[in-house]
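Each remark here refers to the structure printed beneath this line.
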Amino acid sequence: MTARTWFGAVALSLLLALGFAGEGVVVAPAFAQQIGTATTQPGTDVEGNAAMWRAIRQGGQGQVSIPDTQAGRLIQSQGESWRSIRNGPLSTYGAWALLGMVVLLALFFVIRGRIRIEHGWSGRTIERFNGIERFAHWLTATTFIVLALTGLNLLYGRYILLPLIGPGPFATISMWGKIAHNYVAFAFALGVLMMIVLWIGHNIPNKYDLEWIMRGGGMFTRGSHPPSRKFNAGQKVLYWSVVLGGIALTWTGIALMFPFEFGGMRDMQFMQLVHAAVAVALIAIIVAHVYIGTLGMEGAFDAMGTGMVDENWAREHHNIWVAEVRGERLPGHGHDD
Ligand code: HEM
């Protein structure tokens, strides 16, 4: 046996011992027998070692005497693909999507300005959302913000926060952030569930939606207000993004929270990529929602603040809904749709 082969054998034993320390006993010789084409014991000769490592790279798995059979896998080559997608296109396109949305909204604000109540405040109000609806909204909203910030820290923290605050505080923030992320997720899921129950009926597409989309929601032309019931087409897009995105995030999140309960290593990697991609897309959408619910539109915040909106605001943005609530004749129509 050459010195190099000895070194290989010692290194492999150390690696196995270190990797699985505290988890149980690793049956090293059985490792070589398990990995398909490699028939040689580890470290017997250079060719045997090469064959063994090749087999490992091709997905070969060793045998361990502990319940966690995953521990027998020394190298999972797809892990490198997962890592490069996560740290490459996923992070890059995600950052572009988030920054792009902020830039678009800033441009929209500069060009269009705040969407005002055309006819001014009427002084009369109408109930838009009751207490339970507002509770569901703020439960979803506050938990989403915590999840978004702690989640973004996992993806971008090391590039943004770490250089700013240093490794110690970054490690503390990240650790508590990760714990918060796991627990707060359940409250978010509850909020989404409440939104499904409370608002699904108002979010089925109807005949007004196409006109709303064709007229760009009236957002680009002053004085143009396409007809709408309780939720317009834009709000329905937001609603379904939150519902479907929320379900996808909850499902993949639970799979990540309980490793290997719902699949193997590749499933976990897939779940992680889906989780991050859906999260970043939803955050970009929510940034636009928060803008329109606060700075972007006069009179909108009250809907989720006090639950009461000004009647002029309501008639301009949701004329069919106001007529339905007030029992008036539908504007432009003699009957309900
Ligand atoms: C924290 C900042 C937020 C503010 C200021 C805000 C504001 C608002 C307002 C004013 C409405 C009522 C719009 C109307 O009367 O037509 C609304 C509705 C809604 N919000 Fe939020 N929201 C926030 C965060 C969120 C988050 C984080 C989510 C979900 C993850 C969310 C999901 C919804 C949904 C699904 C609706 C109903 C559909 C719609 O009206 O667009 N909101 N929000």
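Some notes on this structure:
- Residue check, A233 farther than 30 Å from L154 by Cα, touching an Asp or Glu at 6+ places or on another chain (Cβ under 8 Å) and aliphatic (A, V, I, L, M): yes
- Filtering the range 282-311 to residues that are in a helix (DSSP H, G or I), open to solvent by less than 30 Å² (accessible area, probe 1.4 Å), more than 6 Å from the ligand (Cβ to nearest atom) and within 17 Å of R124 (Cβ to Cβ) leaves only E311.
- Failed item in (1) aliphatic (A, V, I, L, M); (2) open to solvent by less than 50 Å² (accessible area, probe 1.4 Å); (3) in a helix (DSSP H, G or I), with V103 passing the rest: (2)
- Residues in the range 198-211 that are within 13 Å of the ligand (Cβ to nearest atom) and either surrounded by 14 or more Cβ atoms within 10 Å (Cβ to Cβ) or assigned to a loop (DSSP other than H, G, I, E, B) (or both): L198, W199, H202, N203.
- Only one entry of I111, I145 meets the criterion of being in the same structural domain as K230 (by TED's automatic domain parsing), closer than 30 Å to L193 by Cβ and without any contact (Cβ under 8 Å) to a residue 24 or more places away in the chain, and that entry is I145.
- Within the range 212-231, the set of residues being on the phi > 0 side of the Ramachandran plot, surrounded by fewer than 16 Cβ atoms within 10 Å (Cβ to Cβ) and assigned to a helix (DSSP H, G or I) comprises just one member, G216.
- Of all residues in the range 240-277, those satisfying the criterion of being buried (at least 18 other Cβ atoms within 10 Å of the Cβ) and within 11 Å of the ligand (Cβ to nearest atom) are V242, G245, G246, L249.
- Exactly one residue out of G234, G177 is closer than 16 Å to T142 by Cα, open to solvent by less than 60 Å² (accessible area, probe 1.4 Å) and not in a loop (DSSP other than H, G, I, E, B): that is G177.
- Some residue of the range 142-154 being more than 27 Å from G293 (Cα to Cα) and either open to solvent by 90 Å² or more (accessible area, probe 1.4 Å) or of a type outside the set (V, I, T) (or both): yes
The values are calculated or read from the model by the stated rules, or taken from the named source; none is laboratory data. Computed from a predicted structure; not experimentally measured. So basically every Cβ, Gly included, is an ideal-geometry build from the backbone, and we count neighbours across all protein chains shown. The protein model used for the area step is the full one, side chains on, heavy atoms only, and it has no ligands, DNA or RNA in it. Shrake-Rupley method; radii C 1.70, N 1.55, O 1.52, S 1.80 Å.
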